[in-house]
Structures are given as C-alpha cells and as structure tokens.
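Worksheet for the structure shown next.
The values are calculated or read from the model by the stated rules, or taken from the named source; none is laboratory data. Given the structure is predicted, the values throughout are model-derived calculations rather than measurements. Positions of Cβ are backbone-derived with ideal geometry, glycine not excepted, and every protein chain shown enters the neighbour counts. Ligands, DNA and RNA are stripped out before the accessible areas are found, and what is left, the full protein with its side chains, is counted by its heavy atoms. Shrake-Rupley method; radii C 1.70, N 1.55, O 1.52, S 1.80 Å.
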Amino acid sequence: MKYSIIVPAYNTEKYIDKCLKSIFSNTYKNFEVIIVNDGSIDKTEDIINKYIKKYDNIIYIKQKNMGLSLARNNGVKKATGDYLLFIDSDDYVKEDFISKMYNYSKENNLDLCVCDYVNVDEEGNKLKEFNLSDFCITNYEENNKILCEINLAPWNKLYKKDMLVKNKIEFSETLKYEDLSFVALSIKNSKKIGKINEQLNYYTI
C-alpha cells in the first residue's frame, strides 16, 4: 500500500528540517513525499534540496505564494498513493506514525483514520496532550456526532484517496479556516472511520 505525504512549506527554515527528518525516519517505507514550496523567500528551499539529493521518493513543487489551500490541493493532484497524509512543515511525527495508521486502516478497511497528538513549543516541550478513546464507526449519525469530538485539522489523519476524489473534496481557496470544511466533508463522506488512541503527531505552537 503506497502513501502520499503532502508537505506545504512557506518560510519554515526553522522547522522543516525536523519535519522531513521525522518523515524519513518512519519505519514504513512505501511512501512518496510531495513538498510544495509556496513561494518561500528564506532558506526553506536550500533545506528541501538537501533532502532531494538524498532521497528519490520526493516530488518537489515550487510555486509563487498562493496560500496553504492551493499548495495542498496541488500536492493532492500529484499524489499517486492509495492514501494521503498531510504534515505541515513546522510539525513532525513519530517514527511509527505511518505504520500505525497503515495497520489500523488496513485491519478495519477505513476511509479515514485519526490519531491523537501533542501540542509542543518550538523547542519540542509538551504543552498539551490530546487523547480520545478508540472508536471505529460506520453510521452516518455517529459521523455527525464525532464532528464535535475530534479536531478538524487535516494533519493527524489518514485519508483514502478514492474517497476524496469520488466526492470532489478539496481545500477551499476562498474560505478562511479551510481545514474545517475539508475535514468535515471527509467525515461526512467516509463509510468507515477509525481512531487510534496513540499520540503520533506533534503540532508546534
């Protein structure tokens, strides 16, 4: 099973090295990383180029600054994986992030998989931990209910690409808080959603 990891980047020279290092340190190796440089004017591209020279599973997109939504959407268009992951360039993940999401999704035939996460400061110190009990649901009313129980950010979730394409789900390029509509529509259109009670993602405040 192949995974596409989409990393939008804009002026994140302080963080992107840690982000990419965490991705390539994952134990599951059948993935591609699609890095979308959204017009960075700092040293972000220099750091990206170091990884391009080292790894052959990187797809690099360089565009003028057009915003996070368009950067993510352009990444999705280039994705060849069966499942999609979004990791922001100032965040990072555990070394078993992909394998845990993969195993749980495969065992339960999920359209959408969610994991717990930790808010950290710029030095990596924990600020707040987020935990919810495991669940695996297939009922539409339950899907609506969990809209109120999980965060609506895209970065601690695994999406079946076919589900997104079939339902024409993409990030809005006109709305503020575009994450909310993308995740809400993904929940609405998923036949089966699962949740892992493990903190696999680190969100930098």
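For region 171-186, the count of residues that are open to solvent by 20 Å² or more (accessible area, probe 1.4 Å), modelled with pLDDT under 95, assigned to a loop (DSSP other than H, G, I, E, B) and among the polar types (S, T, N, Q) is at least one. K157 - would you say it is open to solvent by less than 20 Å² (accessible area, probe 1.4 Å), closer than 23 Å to D82 by Cβ, among the basic types (K, R) and at pLDDT 90 or above? Criteria met by K157. I'd like to check something: does region 26-33 contain any residue that is open to solvent by 30 Å² or more (accessible area, probe 1.4 Å), among the basic types (K, R) and farther than 28 Å from S172 by Cα? Yes, region 26-33 has at least one match.
Checked against the criterion of being exposed (fewer than 13 other Cβ atoms within 10 Å of the Cβ) and at pLDDT 90 or above, region 189-205 has at least one qualifying residue. Looking only at residues in region 69-106 that are assigned to a helix (DSSP H, G or I) and of a type in the set (K, R), the one that is surrounded by the most Cβ atoms within 10 Å (Cβ to Cβ) is R72. In region 1-17, the residues that are under 20 Å from L110 (Cα atoms) and in contact (Cβ under 8 Å) with a residue 60 or more places away in the chain form Cβ pairs under 8 Å with partners that are crowded, with 24+ Cβ neighbours inside 10 Å and of a type in the set (D, E, K, R), at six or more places apart or across chains, as follows: I6/R72. In region 78-117, what count of residues is obtained for those that are among the acidic types (D, E) and over 17 Å from L20 (Cα atoms)? Residues flagged as among the acidic types (D, E) and over 17 Å from L20 (Cα atoms) within region 78-117 amount to 4. Per the listing C136, C115, C148, the residue uniquely open to solvent by less than 10 Å² (accessible area, probe 1.4 Å) and either modelled with pLDDT under 90 or within 21 Å of D88 (Cβ to Cβ) (or both) is C115. Total residues in region 120-133 satisfying the condition of being assigned to a strand (DSSP E or B) and at pLDDT below 95: the figure is 5.
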